[in-house]
1. Can you tell me which residue among B:149, B:174 is assigned to a loop (DSSP other than H, G, I, E, B) and either among the small types (Gly, Ala, Ser) or open to solvent by 50 Å² or more (accessible area, probe 1.4 Å) (or both)?
2. Applying the selection to the range A:5-54, what residues are away from DNA strand F (no atom under 14 Å from the Cβ) and of a type in the set (A, V, I, L, M)?
3. Kindly provide the set of residues from the range D:160-182 that are under 15 Å from the mean Cα position of the chain (by Cα) and either over 26 Å from residue D:23 (Cβ atoms) or facing chain C (nearest Cβ under 7 Å) (or both), ordered by number.
4. I need a count of the residues in the range D:2-26 that are surrounded by fewer than 20 Cβ atoms within 10 Å (Cβ to Cβ) and within 14 Å of DNA strand E (Cβ to nearest atom).
5. Please enumerate the residues belonging to the range C:46-65 that are more than 7 Å from DNA strand E (Cβ to nearest atom), under 24 Å from the mean Cα position of the chain (by Cα), more than 14 Å from chain D (Cβ to nearest Cβ) and not charged (D, E, K, R).
6. Being farther than 29 Å from residue C:190 by Cβ and open to solvent by less than 20 Å² (accessible area, probe 1.4 Å): is that true of residue C:71 here?
7. Select from the range C:134-191 the residues that are hydroxyl-bearing (Ser, Thr, Tyr) and under 20 Å from residue D:191 (Cα atoms) and list them in ascending order.
8. Determine the pairs where a residue that is closer than 14 Å to residue B:156 by Cα, located within the range B:98-115, has a partner that is at pLDDT below 95 and surrounded by fewer than 18 Cβ atoms within 10 Å (Cβ to Cβ) with Cβ atoms under 6 Å apart, the partner being 6 or more residues away or on another chain.
There are 4 protein chains.
Amino acid sequence: MPKLKDQNKVNAIHKATIELVTKTGFSGLKMAEVAKKSGIATGTLYVYYKSKEELINDVYLVTKEEIAGAIINPEYLKDTFYETFKAMWHGYFGYCMQYPEKMLFVEQFIYSGYISEVNIAKADAHFEPLDQFLIQGQQNNHIKDISVEILKAHLQGSVHEIVKMHVRGDIQLEEDGMHICFNMAWDSIKT
Amino acid sequence: MPKLKDQNKVNAIHKATIELVTKTGFSGLKMAEVAKKSGIATGTLYVYYKSKEELINDVYLVTKEEIAGAIINPEYLKDTFYETFKAMWHGYFGYCMQYPEKMLFVEQFIYSGYISEVNIAKADAHFEPLDQFLIQGQQNNHIKDISVEILKAHLQGSVHEIVKMHVRGDIQLEEDGMHICFNMAWDSIKT
Amino acid sequence: MPKLKDQNKVNAIHKATIELVTKTGFSGLKMAEVAKKSGIATGTLYVYYKSKEELINDVYLVTKEEIAGAIINPEYLKDTFYETFKAMWHGYFGYCMQYPEKMLFVEQFIYSGYISEVNIAKADAHFEPLDQFLIQGQQNNHIKDISVEILKAHLQGSVHEIVKMHVRGDIQLEEDGMHICFNMAWDSIKT
Amino acid sequence: MPKLKDQNKVNAIHKATIELVTKTGFSGLKMAEVAKKSGIATGTLYVYYKSKEELINDVYLVTKEEIAGAIINPEYLKDTFYETFKAMWHGYFGYCMQYPEKMLFVEQFIYSGYISEVNIAKADAHFEPLDQFLIQGQQNNHIKDISVEILKAHLQGSVHEIVKMHVRGDIQLEEDGMHICFNMAWDSIKT
DNA sequence: AATGAATGAGTGTTCATTCAT
DNA sequence: TATGAATGAACACTCATTCAT
């Protein structure tokens with residue numbers, strides 16, 4: 001957790017960290033580069049974070065929360081399960097298209113042991129309402145009766161991979177590309 | 001006359017590289033650790049690969065080819081598109097479940113610039129038959145008429161994410177779990 | 001009108017410096033720690049001392065003067081040379097036992113070049129009366145006719161080492177331990 | 001403990017360490033300087049010692065053993081207690097005069113917590129024969145019946161301080177200076 | 001070919017000192 | 001005067017790569 005000193009600096013540090021980690025991975029992240037990109041001195045970085053690990057973990061937590069907000073949004077609550085799901089899916093897909101670095105950052109280290117399990121759990125807690133929503137959909141027979149974890153993995157994996165290919169330039173998402181993708185997602189889980 | 005290079009050593013090096021990269025990422029990979037895990041001296045590693053980058057690229061190429069083989073297999077050719085697709089999907093899913101490190105290794109660096117574009121293209125070429133198969137499926141109206149790249153990304157992303165959650169222990173894949181996952185995959189692309 | 005500098009703060013700084021230097025040596029002394037232990041901000045420390053070196057030198061000077069006062073004291077002037085010497089020796093030994101950190105601090109850097117020669121000389125000047133006293137003892141044939149510098153080194157070295165072992169817990173000084181030590185000191189120099 | 005690679009390098013490293021520590025203390029010791037003074041690269045230093053602390057501790061152990069050898073020497077065993085003590089004292093005094101840096105190095109950190117207690121004890125064990133010799137001297141009524149630890153501290157402190165003053169140039173030890181100093185030492189402990 | 005000690009540029013982190021408030 | 005955030009040079013330690021054997 002950063003000492004609350006200058007929120008502008010914290011933001012700049014987060015931004016720089018996300019961009020650099022996306023390019024080089026955690027091990028390749030250089031504190032000096034983070035500092036430079038943030039417009040501060042190396043030493044100053046350590047005024048805000050006492051180690052590289054703490055920095056990574058903090059950025060992870062904040063980003064995960066932001067992502068949860070991109071999916072779980074009061075405005076997305078519609079009359080039908082389908083409509084709500086559609087809004088949420090588009091919320092997430094749109095977020096990933098807009099901030100692919102954040103998506104990549106968050107994806108990058110869950111399997112590497114750099115983020116503490118405690119923080120992973122803490123971040124996951126923000127997605128609880130999503131679980132509830134999906135379970136209700138199952139109870140009302142809107143979607144297949146599959147473990148929620150599998151459902152989420154399936155949906156998220158699809159979105160991530162498509163966005164990654166898009167970022168790489170391997171995929172040109174036409175105007176209706178997003179809708180086509182959504183249709184695949186919906187068809188895969190609907191009853 | 002011995003082979004120029006000792007294939008046993010090459011295999012050990014590949015195995016060590018894959019396991020270590022999975023845990024630490026490319027930047028975190030230490031040549032000394034690779035050597036130790038391979039049972040050879042540091043200097044010997046450089047007899048086989050002239051740099052870390054070359055090592056990574058070679059392992060990438062070999063692994064990608066192996067993966068292609070897990071999908072594209074004469075035995076998988078069945079009477080119907082559905083049956084063939086099913087065999088291929090299970091071939092890939094099974095491979096990922098068996099060798100998650102290889103899946104993670106290959107996934108890890110495509111977006112990081114460590115693998116040369118030339119090698120990415122070279123590896124992708126092995127999947128050409130898959131593209132052909134999918135396009136035929138579209139022409140015969142078995143599956144949705146969506147950019148093949150998107151189709152592949154969607155299917156692969158789903159598989160990868162599910163396997164990752166399984167490896168992490170967040171998902172318990174019951175006996176019929178694989179079939180459930182396949183159903184989602186098929187439902188998402190079928191016409 | 002307040003004093004230019006707050007003497008309470010100066011005292012706190014001196015105390016903190018002595019305790020910390022004893023534990024870590026001059027190079028290991030951290031200005032931030034001195035400040036914290038003194039109950040002031042880092043920047044404030046620089047209001048009182050313009051550098052670490054100046055701080056060390058000032059503490060050295062003040063402490064050396066205090067030590068001189070522990071030896072050279074009008075109350076210690078007795079009727080005989082022996083009695084006076086005894087009082088002085090006990091004054092010094094008692095001081096070292098009471099303030100071993102100060103003894104260690106002063107001892108620590110004389111051979112390290114951190115204290116300027118000018119300040120060493122300035123501090124040594126306070127011991128001039130001791131030299132006179134010893135010389136007189138020699139002229140009156142009370143003690144051996146040895147270079148005063150050697151005499152002082154011999155006596156001081158013995159006291160310091162014994163106190164150090166005591167502080168380390170390697171020596172238990174019984175009630176009469178001090179007298180035994182004094183007897184060694186006296187026997188070594190008496191004619 | 002150093003890996004036994006190249007004893008010449010180990011010797012050079014020890015020499016450099018002792019000289020530098022004497023000047024700057026443990027905290028001020030720079031690994032890069034040790035390497036340079038030893039004629040090796042920084043990284044090489046870490047081939048021999050895995051950390052600064054391990055280096056210091058090893059040098060301490062080796063030096064302490066050497067010092068023990070300077071006092072406890074079969075050649076010093078004479079017919080009388082006095083003659084033997086005299087030989088030992090001169091052995092130690094001579095050693096300190098010849099290698100004052102080693103004397104200072106060893107003295108420097110016992111009170112600083114840098115040398116592990118285990119190693120201090122290990123080093124002290126080499127002085128056990130000296131303890132036995134002094135105890136016998138007490139039993140045979142040659143010297144005062146004082147705690148051996150105090151005796152050693154007294155004798156050692158005197159020698160160290162005199163040598164330090166000599167090194168600093170504050171004392172000129174004439175030809176017979178050593179004998180004068182020995183006389184003080186003997187007079188202080190004889191019965 | 002195989003070895004592993006040697007190298008030195010590079011990285012995370014610290015800390016004396018400065019400076020805006 | 002007092003503060004403590006900011007600075008950046010410096011340092012312990014690492015690691016890809018080389019090279020003598």
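1. B:174
2. Scanning the range A:5-54 gives A:18, A:20, A:21.
3. Those that are under 15 Å from the mean Cα position of the chain (by Cα) and either over 26 Å from residue D:23 (Cβ atoms) or facing chain C (nearest Cβ under 7 Å) (or both): D:160, D:161, D:162, D:164.
4. The total comes to 12.
5. Correct list: C:48, C:49, C:55, C:57, C:59, C:60, C:61, C:62, C:63.
6. no
7. C:158, C:188, C:191
8. Final answer for the pair search is B:100/B:167.
The values are calculated or read from the model by the stated rules, or taken from the named source; none is laboratory data. Just so we're clear, the structure is a prediction, and the values are computed from it rather than from any experiment. Every residue, glycine among them, receives a Cβ derived from its backbone with ideal geometry; neighbour counts consider all protein chains shown. Accessible surface areas use protein heavy atoms only, side chains included; no ligands, DNA or RNA. Shrake-Rupley method; radii C 1.70, N 1.55, O 1.52, S 1.80 Å.
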